[in-house]
Amino acid sequence: MPSRKFADGEVVRGRWPGSSLYYEVEILSHDNGSQLYTVKYKDGTELELKESDIKPLTSFRQRKSGSSSSSPSRRRGSRSRSRSRSPGRPPRSSRRSASASHQADLREMRKEVLEVKLTPLVLKPFGNSISRYNGEPERTKRDGTPPRSTQEKFHLSEERSYVSTQYSLRPRREEIKSKDMDSKEENIVSTRRSVPLKTSEAPAAPTKDLEFGGVPGVLLVMLGLPPLLCLLLLMGRQKEPGLRSFPPPLPAWQDLWETRVFGVYVLWVLLQALLYALPLGKVVEGMPLADGRRLKYRLNGFYAFLLTCAAVGGAVFWGADLHYLYSHFLQFALAAAAFALGLSVYLAVRAARAPPSALAPASSGSAIYDFFIGRELNPRIGTFDLKYFCELRPGLIGWVVVNLVMLLAEMKLQKRAAPSLAMILVNSFQLLYVADALWNEEALLTTMDITHDGFGFMLAFGDLAWVPFVYSLQAYYLVGHPNDVSWPMASLIVALKLCGYIIFRCANSQKNAFRKNPADPKLAHLKTIPTSTGKNLLVSGWWGFVRHPNYLGDLLMALAWSLPCG
């Protein structure tokens, strides 16, 4: 049986999985079968490490020589200086004593900083966002390197082999203490400007691969989405839509645009903006930005949804003609597309003046690509966050209003006293989906839309035009194509919807909790694998069944939405 190198209770240094960083740990036990040591970090984290990942404390003792305290450039400069003393220069002996005291201060300062820097903020995400967990690719900086904390601005050359501030073992509840500690450390370094320190270098040119096929791909998407939107709506209006009747007859150009429709759409957006600004709901902080700040968001989407439903219900009660939306549905879709395009132009112009710290990790420096993907991460007018507002308000709530209009149009055109069972199923399923998104509004703050992608044409068109006018295709189709659904078939469709919803909601809740705080004790039962940046990927729970359970739930629900249409 192999002998043990380290005894229980011995204090050593253990390598953090997936990195080259060593932290002080205590040996708890040793498994003779797997030859793994169970170690405990200072913050209470327990991990199993191989013997090769553990080293004694003596391996990390600082060197006694102070010769490396000066950078090579400074040493070269000292040789080239004249040996003559200026009148104001002190005698050599005093200079030597001053130099000695300076070296002593330097060593003391290093020791003081090192003792603190071994556990700086880590469990909170780096850069503008956390990386995509659960099988999604890790995010890197523009020079292709993993994101680093702003605390990593200074490095001491001697201790580079084991001192780094990229990661930490501190749990999230100690972040406030950490911020105070880090501010004190910055003061220590700022008062020692004479110490030769290596500052962070400017980022190199971007080398990462662009999504959507790069510039040609995004050009094709931007040029193709508006015609595709019109094509889908025109086909949904045909008596027998299908490949045999493709392409559908195109309307006259003058029938595609109506200024009054555009004005109604703008009023709708302004109404949602007014509801967004109401002082209702709690205020929460988003994920940390590159400079360490956390933006504040007011969670009142569900209140805005309820107030909108009350306003629409009152309009129906007082006899408002909501059929106008159905009869001008294509014009409303084009009005939304035009509004999204105008908003994208505004965002591109203002992003050209945005500081580097405000740019999105997904931006590339290419004008065309950044116009599509978005250059600025969090464009705001005062406290009004444009991207956060468009994500859930005009499009998502508008989707429910469109579905209600289609239900009323079905009753009117088909001369029904009550809506069909198929229309009721579609409206109910999609109402639940929207209500769930607004009820769990805070979960949006950890998604890649908020933390990684900028705000450009992709999100503007998707949120304002695609969601309300394409996601409502089932209800739009049923207006002109009635379909009778039996109760047994309806029961099966409801069961499929509930199955998809349970998977969707549970998986997203687990993902959101893990992204917010991977060290949450409630998630301690989940298994993870480390990555090269020190973060972890879930490989158990819902992610132990399938790589993307949240998408699986989405697909099952989308199928349940479509089955009532036949």
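The values are calculated or read from the model by the stated rules, or taken from the named source; none is laboratory data. Keep in mind it's a predicted model, so treat the numbers as computed, not measured. All Cβ positions, even for glycine, are placed from backbone atoms using ideal geometry, and neighbour counts span all protein chains on display. In case anyone asks, the SASA skips ligands and DNA or RNA and just uses the protein heavy atoms, side chains included. Shrake-Rupley method; radii C 1.70, N 1.55, O 1.52, S 1.80 Å.
Could you tell me the convex hull volume per residue, in Å³, taken over the Cα atoms of region 214-483?
On the way: hull volume 37.3 nm³, N = 270.
So the per-residue Cα hull volume is 138 Å³.
Extension gain Leu231-Leu523, at 0.36 nm per residue separation less the Cα-Cα distance, in nm?
Details: separation 292, 0.36 × 292 = 105.12 nm, distance 4.62 nm.
That pair, Leu231 and Leu523, stretches by 100.5 nm at full extension.
As an exercise, use a Förster radius of 56 Å and the Cβ-Cβ distance of Ile368 and Leu36 to find the FRET efficiency, rounded to the nearest 0.05.
On the way: r = 52 Å, r/R0 = 0.92.
Calculated transfer efficiency: 0.60.
First check a/c for region 473-552, with a ≥ b ≥ c the square roots of the eigenvalues of its C-alpha gyration tensor; if it is under 1.5, answer rounded, and if not, answer prolate when a/b is larger than b/c or oblate otherwise. Could the numbers behind the result be given before it?
Values: a/c = 3.75, a/b = 2.84, b/c = 1.32.
Since a/c reaches 1.5 and a/b is larger than b/c, the shape of region 473-552 is classed as prolate.
For region 257-300, what is the convex hull (Cα atoms) projected area averaged across all directions, in square nanometres?
Numbers: hull surface 18.9 nm².
Taking the Cα atoms of region 257-300, their convex hull projects to 4.7 nm² on average.
With every protein chain in place, what's the accessible area of Ile368 (1.4 Å probe, Å², nearest 10)?
70
Using a simple spin-label model with points 7 Å from Cα along the Cα→Cβ vector, what separation in nm is obtained for Leu278 and Lys55?
For Leu278 paired with Lys55, the spin-label model returns 6.0 nm.
Starting from the 7 Å offset along Cα-to-Cβ, what nm value, one decimal, do you get for the label separation of Asp436 and Leu256?
Those two pseudo-labels are separated by 3.7 nm.
If one computes the Cα centroid of region 511-547 and of region 29-52, what distance in Å separates the two points?
Each part reduced to its Cα centre gives a spacing of 19 Å.
Over the heavy atoms of Lys40, what accessible area does a 1.4 Å probe trace out, to the nearest 10 Å²?
Solvent-accessible area, nearest 10 Å²: 80 Å².
If you filter region 506-566 for trypsin sites (Lys or Arg not before Pro), then keep DSSP loop positions with at most 16 other Cβ within 10 Å, what is left?
Numbers: sites: Lys511, Arg515, Lys516, Lys522, Lys527, Lys535, Arg547; in loops: Lys527, Lys535, Arg547.
Within region 506-566, the qualifying trypsin sites (Lys or Arg not before Pro) (loop, at most 16 other Cβ atoms within 10 Å) are Lys527, Arg547.
In Å, the Kirkwood hydrodynamic radius of region 10-55 over pairs of distinct alpha carbons? Provide the component values of the computation, followed by the final result.
Numbers: mean 1/r = 0.0964 Å⁻¹.
Result for region 10-55, one decimal place: 10.4 Å.
Mind putting together the pair-distance distribution for region 424-563? All Cα pairs, 5 Å bins, whole percent per bin, short to long.
Bin by bin from 0 Å, the calculated values are 2, 8, 14, 18, 18, 14, 11, 8, 4, 2, 1, 0.
Compute the distance from the alpha-carbon center of region 465-494 to that of region 282-315, in whole Å.
29
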